[in-house]
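A.B. asks: Before I ask anything, here is the structure I am working with.
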Amino acid sequence: MKNIKMLVALLAALCLVLAVGCSKPAAPAAAGTPTVDKIKAAGKLIMLTNAGFAPYEFLGADNSVTGVDVEIAQAIAESLGVKLEIVDMDFDSIVFAVQSGKGDLGVAGMTNTEERQKTVDFSINYVDTVQKIIVPEGSTITGPADLAGKTIGVQMGTTGDLFATDEVEGANVQRYKTGPDAGAELAAGKLDAVVIDAAPAAQIAGANAGLVLLDTPATAEPEQYAIAMAKGKEDLKAVVDSVLEKLIAEGKIQAWLDEYNEIALAQ
Ligand code: GLN
């Protein structure tokens, strides 16, 4: 009798475990895809960015984050079958936020540098660019050699910041949260020049009367944008790389660059 009671109790417990197990079916997990499975289970892909970098990411007419990088992240989210969530933050916080898991991807016109590779992994590169110089009309600065000893505005923690800080003799480097903030200070006569990536530089020069973009780039070496991920997320990297390869092959990234350059300039 006692044994039967124990058996019934045991069966009841087993049923409970099974019931709980069955009410939350786990997505069929292919071996070796822990990050992708987690994203699918959460139903969202979190993109970390800094929305002051038109045409790659900026606030659109409806005040939501839009731009080339948003299109790219949206394509990645679609390929995973999840929705895209965007977190707008300071550019110089993105690398560490990605590494500490505050988001899945850093998509921010971010240059793939060896220094950042110590903290995060990068996708394949998807854009080639250079640093450019914006000056007031009539400036005596005509190229990088003329920047020596000048007051230069940059976006904090960017490759433009590194260039002005490490490579320009005697520069007084002023660091801002966004490129447009630096551009406004230049237009107000508080800076001699702003150094920033080519496409945002054209946007800033276009948005401020009296500012011009120099043809000669600040840096001879081109730099490449890539998407940052926490280290070792090989399954996620494979998805991101394959989406990027397809977008590049189809000419989509260039088409979005043309489209959002126009949209941002018209704003
Ligand atoms: N490409 C530059 C960098 O990675 C600037 C990026 C940005 O300001 N969003 O440092």
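Each row is one residue, and each column tells you yes or no for (1) surrounded by 14 or more Cβ atoms within 10 Å (Cβ to Cβ); (2) among the aliphatic types (A, V, I, L, M); (3) under 20 Å from Gly157 (Cα atoms).
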position	(1), (2), (3)
Gly183	yes, no, yes
Gly189	no, no, no
Asp192	yes, no, yes
Ala201	yes, yes, yes
Leu213	yes, yes, no
Ile227	yes, yes, yes
Gly251	no, no, no
Gln254	no, no, no
Ala266	no, yes, no
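A.B. asks: Now, a different point. Considering only residues that are touching a strand residue (DSSP E or B) at 6+ places or on another chain (Cβ under 7 Å), near the ligand (Cβ under 10 Å from one of its atoms) and among the hydroxyl-bearing types (Ser, Thr, Tyr), which ones fall in the range 87-141?
C.D. replies: Thr111, Thr129
A.B. asks: Moving to a separate point now. Answer yes if at least one residue in the range 160-173 is part of a loop (DSSP other than H, G, I, E, B), touching a residue at least 24 places away in the same chain (Cβ under 8 Å) and either within 18 Å of Leu214 (Cβ to Cβ) or among the acidic types (Asp, Glu) (or both), and no otherwise.
C.D. replies: The answer is yes; a qualifying residue exists.
A.B. asks: Still on this model: With of a type in the set (A, V, I, L, M), modelled with pLDDT under 95 and either away from the ligand (no atom under 16 Å from the Cβ) or in contact with a Pro (Cβ under 9 Å, 6 or more places away or on another chain) (or both) as the only criterion, which of Ala30, Ala77 stands out?
C.D. replies: Unique residue meeting the criteria: Ala30.
A.B. asks: Taking Tyr260 as the residue in question, decide whether it is closer than 27 Å to Thr33 by Cα, hydroxyl-bearing (Ser, Thr, Tyr) and touching a residue at least 24 places away in the same chain (Cβ under 8 Å).
C.D. replies: Spelling it out, it is not the case that Tyr260 is closer than 27 Å to Thr33 by Cα, hydroxyl-bearing (Ser, Thr, Tyr) and touching a residue at least 24 places away in the same chain (Cβ under 8 Å).
A.B. asks: Okay, next question. For residues that are out of contact with any Pro (no Cβ under 8 Å at 6 or more places or on another chain), assigned to a loop (DSSP other than H, G, I, E, B) and near the ligand (Cβ under 10 Å from one of its atoms), tally how many sit in the range 42-67.
C.D. replies: Number of matching residues: 2.
A.B. asks: Only one residue in Asp181, Asp197 is farther than 29 Å from Glu78 by Cβ and within 16 Å of the ligand (Cβ to nearest atom), so which one is that?
C.D. replies: Exactly one of Asp181, Asp197 is farther than 29 Å from Glu78 by Cβ and within 16 Å of the ligand (Cβ to nearest atom), namely Asp181.
A.B. asks: Only one residue in Glu245, Glu185, Glu259 is touching a Gly at 6+ places or on another chain (Cβ under 6 Å) and not in a loop (DSSP other than H, G, I, E, B). Which one?
C.D. replies: Glu185
A.B. asks: Ok, one more. Which condition does Ala205 not pass, out of (1) of a type outside the set (Lys, Arg); (2) outside any helix (DSSP H, G or I); (3) away from the ligand (no atom under 12 Å from the Cβ), if it passes all the others?
C.D. replies: Here Ala205 meets the rest and fails (2).
A.B. asks: While we're here: Which of the residues that make up the range 214-256 are within 16 Å of the ligand (Cβ to nearest atom), modelled with pLDDT of 95 or more and over 17 Å from the mean Cα position of the chain (by Cα)?
C.D. replies: If the condition is that a residue be within 16 Å of the ligand (Cβ to nearest atom), modelled with pLDDT of 95 or more and over 17 Å from the mean Cα position of the chain (by Cα), then Pro217, Ala218, Pro222 are the ones that fit.
A.B. asks: Then there's this: Among what's in the range 142-159 and is within 10 Å of the ligand (Cβ to nearest atom) and in contact (Cβ under 8 Å) with a residue 60 or more places away in the chain, pick the residue that is surrounded by the most Cβ atoms within 10 Å (Cβ to Cβ).
C.D. replies: Gln155
A.B. asks: Further question on the same structure: Does at least one position in the range 62-71 carry a residue that is modelled with pLDDT of 95 or more, buried (at least 22 other Cβ atoms within 10 Å of the Cβ), of a type in the set (Gly, Ala, Ser) and more than 18 Å from Met229 (Cβ to Cβ)?
C.D. replies: Checked against the condition, which is being modelled with pLDDT of 95 or more, buried (at least 22 other Cβ atoms within 10 Å of the Cβ), of a type in the set (Gly, Ala, Ser) and more than 18 Å from Met229 (Cβ to Cβ), the range 62-71 yields at least one hit.
The values are calculated or read from the model by the stated rules, or taken from the named source; none is laboratory data. Not measured: the values here are computed from a predicted model. As a convention, Cβ positions derive from the backbone with ideal geometry for all residues, glycine included, and neighbour counts pool all protein chains shown.
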